[in-house]
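Only one structure is covered here, and it is reproduced in the block below.
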Amino acid sequence: MPMEGTSETDAQPRVILQPIAAPSILGLYGLAGATFMVGAQMAHWFGSSSSTLLLIPFAALFGGLAQFLAGMWAYKARDGVATAVHGMWGAFWMAFGGLGFFISMGRGPSPTGALVSPELGYWFIVLAAITWVCMGAAAAENKSLVTTLAFLAAGSTITAIALLVGVEGLVILAGYLFIISAIAAWYTGSALMLNEAFGRDVWSLGKSTQVREMPRITAPIGEPGVIRGQI
């Protein structure tokens, strides 16, 4: 309803912007922590009969819940790449933690064979396929994220092959790829945080030089305005 003394044509819609902190700071730190720990175990940096039980709570919460929440906040920030990466990998780490817990408690089926696990292998095929596409989309944002996702996708691909054919050497290789991805994720998350805190580029992200036209925020959409992106 227009205010008294004004006509409908004089009434101007108001759009209230709701800027939020970059969700990928949290998401990338969660990804880095869980991926590094699991990758280090796969690379045989450590490991014992109790390692899995000690890893799964942290993988489920540190790498799962935190990253999944970051994905939902990235959705609010209109960042499709971050929504896909953090939402997908966050959900995976929560499922990974839950599966490991049930197996350790004797309430779930253990994978058959020493290394071969077709069920998990096919899940890693799905993860790899989505992560490769996300890596391609990240090229429009920055090189640092591309590096993170490239090694993450490669690690997922090698893990899928290792679980399908049962080759120990491939598991170790995948572990090292995950470790490199974790380091890149730590760097990218730290760069986002430092650059936001200081208001300038402290650590370079290798931002894309491509010019992207942002969609205009218009009143008829019927949603509160949100600044798009995280950088």
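The values are calculated or read from the model by the stated rules, or taken from the named source; none is laboratory data. Please read all numbers here as calculations on a predicted model, not as lab measurements. Counting neighbours? That spans all protein chains shown, and the Cβs are built from the backbone with ideal geometry, glycine included.
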Scan region 47-63 for residues that are in contact with a helix residue (DSSP H, G or I) (Cβ under 6 Å, 6 or more places away or on another chain) and over 19 Å from G98 (Cβ atoms) and jot them down. G47
Quick one: in region 12-28, of everything that is surrounded by fewer than 19 Cβ atoms within 10 Å (Cβ to Cβ) and either among the β-branched types (V, I, T) or modelled with pLDDT of 80 or more (or both), which residue is nearest to L65 (Cα to Cα)? I20
Return yes or no: is S181 within 30 Å of G121 (Cβ to Cβ), polar (S, T, N, Q) and either at pLDDT 90 or above or surrounded by 20 or more Cβ atoms within 10 Å (Cβ to Cβ) (or both)? yes
Evaluate the following for L194: is it surrounded by 19 or more Cβ atoms within 10 Å (Cβ to Cβ) and part of a helix (DSSP H, G or I)? no
Could you pull out the residue among G189, G169 that is in a helix (DSSP H, G or I) and free of Cβ contacts under 8 Å to residues at least 12 places away in the same chain? G169
Yes or no: I161 within 16 Å of Y29 (Cα to Cα), out of contact with any Phe, Trp or Tyr (no Cβ under 6 Å at 6 or more places or on another chain) and among the β-branched types (V, I, T)? no
Hey, could you check region 82-137 for residues that are under 19 Å from F58 (Cβ atoms), surrounded by 19 or more Cβ atoms within 10 Å (Cβ to Cβ) and of a type in the set (F, W, Y) and say which is modelled with the lowest pLDDT? F96
Matching residues, region 45-78, being modelled with pLDDT of 90 or more, within 23 Å of Y176 (Cβ to Cβ) and either surrounded by fewer than 21 Cβ atoms within 10 Å (Cβ to Cβ) or more than 19 Å from the chain's Cα centre (by Cα) (or both): W45, F46, F62
For region 206-217, state whether one or more residues are of a type in the set (V, I, T), touching a Gly at 6+ places or on another chain (Cβ under 9 Å), modelled with pLDDT under 90 and surrounded by fewer than 17 Cβ atoms within 10 Å (Cβ to Cβ). yes
Enumerated helices (runs of 4 or more DSSP H) restricted to region 18-87, each holding at least 1 residues that are closer than 22 Å to K143 by Cα: 23-42, 66-76
